[in-house]
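Below is one structure, written out as structure tokens, with a few remarks after it.
The values are calculated or read from the model by the stated rules, or taken from the named source; none is laboratory data. Values in this document were obtained by computation on a predicted structure and should not be read as measured data. With ideal geometry, Cβ positions are generated from the backbone for all residues, glycine too; neighbour counts draw on all protein chains shown.
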Amino acid sequence: MYLTGLEAEHFRNLAHIRLEPDPRYNLIVGQNAQGKTNLLEAIWLLTGCRSFRGARERDLIGFDQEVMRMQAAFRDSRRDQQITYALQRSSREKKITLNGVPLRGGSRLFQQFQCVVFTPDDTMLIKGLPDRRRSFLDLCCAQIRPKNMEVLRRFDNLTVQRNLVLRSIAAGKGTPLDLAIWDAQLAMVGAQLSFVRHQYVQRLAPVCARLYSIITGGREQLSVEYQSGMYREYEIPDQVDEPMRDYYLRKLTMSSTDDIRVGYTTIGAGRDDLLFKINGKPVRDFGSQGQKKSTALVLKLAQAEIFRTSQGQSPVILLDDVMGELDKSRQQLVYSIVQDMQVFISTCNESAVLDSDRGMRITIENGKIV
């Protein structure tokens with residue numbers, strides 16, 4: 001898929017821009033704080049996901065402005081589609097349409113328009129807390145099968161309800177028997193979520209290993225492992241079955257005393273993690289900054305490749321101020337993966353970016369395309 005047109009008004013510092021991007025290569029050039037990342041963020045928002053910068057929605061509206069509006073057109077493997085997106089400051093009302101049909105939220109956008117974004121902060125996938133890695137894994141799972149997002153939502157909601165009951169029991173307002181109904185539901189959904197994540201990592205690991213080997217010329221080997229908060233690797237079957245759900249339920253029941261004491265669910269899919277190793281050593285603990293950056297890079301490239309092979313079409317690639325920091329071999333690897341995809345690359349220094357003279361060059365100054 002690829003973006004064919006974008007118009008944005010009062011999105012952060014973007015006063016009013018109109019763009020018909022190249023279907024393959026788009027280089028966004030400008031000094032710091034001119035709006036390069038804002039443009040990429042605007043494109044990302046069209047996926048229906050929250051800002052990749054973690055921003056609150058009201059912060060997306062330009063300073064002293066009441067409404068932010070966007071309009072976009074894109075082409076997928078079947079047809080041309082259109083999106084409108086508006087956000088009002090005073091009412092916090094969000095209005096989204098897809099092909100003229102009003103949407104209640106962004107989930108339908110997520111099923112239609114997909115991007116992969118890589119930013120300098122993505123090294124936190126490697127050295128940050130587990131919740132960031134879980135979020136990345138869940139996004140990947142939902143991209144190739146949107147219904148997986150509903151599994152995650154149900155799991156999160158059930159976990160919240162179970163934790164409320166745990167604290168109620170600790171306060172003397174209930175008994176452990178009150179957990180039974182929540183444990184049974186959480187076991188069913190938790191087993192499904194564990195299975196989905198495990199299945200994705202089974203696809204992710206060999207792709208990451210191959211790409212990392214290319215970067216290092218075979219001198220270093222990267223492994224990616226799914227660390228379940230409930231199961232050991234050999235305990236996860238080829239499909240979700242009754243024994244898998246029963247095991248999850250038994251473990252929840254056994255942990256109930258400890259969970260009541262601390263006031264939250266201590267085991268299960270909410271404690272899942274990813275473990276990255278280079279030549280057998282954990283990257284988070286022993287990897288150099290360069291190794292962590294390379295691991296994050298191949299993670300995102302693998303995400304894009306898996307989406308392409310599973311969906312029969314490519315996501316839009318957003319590279320925010322990272323290409324200039326990569327050496328020649330890493331840049332060439334990126335280009336080899338995204339060569340048939342639409343890519344947007346932002347940079348302050350275009351001379352540091354290979355092949356910066358091809359495709360479309362977009363210069364941004366003070367929130368305007370010049």
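Looking at this structure, is residue 251 farther than 22 Å from residue 120 by Cβ and over 25 Å from the mean Cα position of the chain (by Cα)? So residue 251 passes the test.
Here residue 248 meets the list (1) more than 30 Å from residue 119 (Cα to Cα); (2) surrounded by fewer than 21 Cβ atoms within 10 Å (Cβ to Cβ); (3) in contact with a Phe, Trp or Tyr (Cβ under 9 Å, 6 or more places away or on another chain) almost entirely, failing just condition (2). Only one of the numbered conditions (1) assigned to a helix (DSSP H, G or I); (2) surrounded by 13 or more Cβ atoms within 10 Å (Cβ to Cβ) is violated by residue 206, and that is (2). Out of curiosity, is residue 312 at pLDDT below 95, surrounded by fewer than 14 Cβ atoms within 10 Å (Cβ to Cβ) and more than 22 Å from residue 222 (Cβ to Cβ)? For residue 312, the condition - at pLDDT below 95, surrounded by fewer than 14 Cβ atoms within 10 Å (Cβ to Cβ) and more than 22 Å from residue 222 (Cβ to Cβ) - is met. Within region 209-244, the set of residues being more than 30 Å from residue 184 (Cα to Cα), outside any loop (DSSP other than H, G, I, E, B) and under 25 Å from the mean Cα position of the chain (by Cα) comprises 209, 210, 211, 212, 213, 214, 215, 222, 223, 224. The set of residues in region 328-368 being more than 21 Å from residue 307 (Cβ to Cβ) and either in contact with a Ser or Thr (Cβ under 7 Å, 6 or more places away or on another chain) or of a type in the set (A, V, I, L, M, F, W, C) (or both) consists of 346, 348, 350, 352, 353, 354, 360, 362, 364. Residues that are part of a strand (DSSP E or B) and not polar (S, T, N, Q) were ranked within region 26-49; the one that is farthest from the chain's Cα centre (by Cα) is 29.
If you go through region 23-42 and pick out every residue that is surrounded by fewer than 19 Cβ atoms within 10 Å (Cβ to Cβ), more than 15 Å from residue 115 (Cα to Cα) and touching a residue at least 60 places away in the same chain (Cβ under 8 Å), you end up with 2.
The set of residues in region 323-370 being of a type in the set (S, T, N, Q) and farther than 14 Å from residue 28 by Cα consists of 329, 331, 332, 336, 339. Determine, yes or no, whether residue 268 is within 24 Å of the chain's Cα centre (by Cα) and either buried (at least 22 other Cβ atoms within 10 Å of the Cβ) or in the same structural domain as residue 131 (by TED's automatic domain parsing) (or both). Yes.
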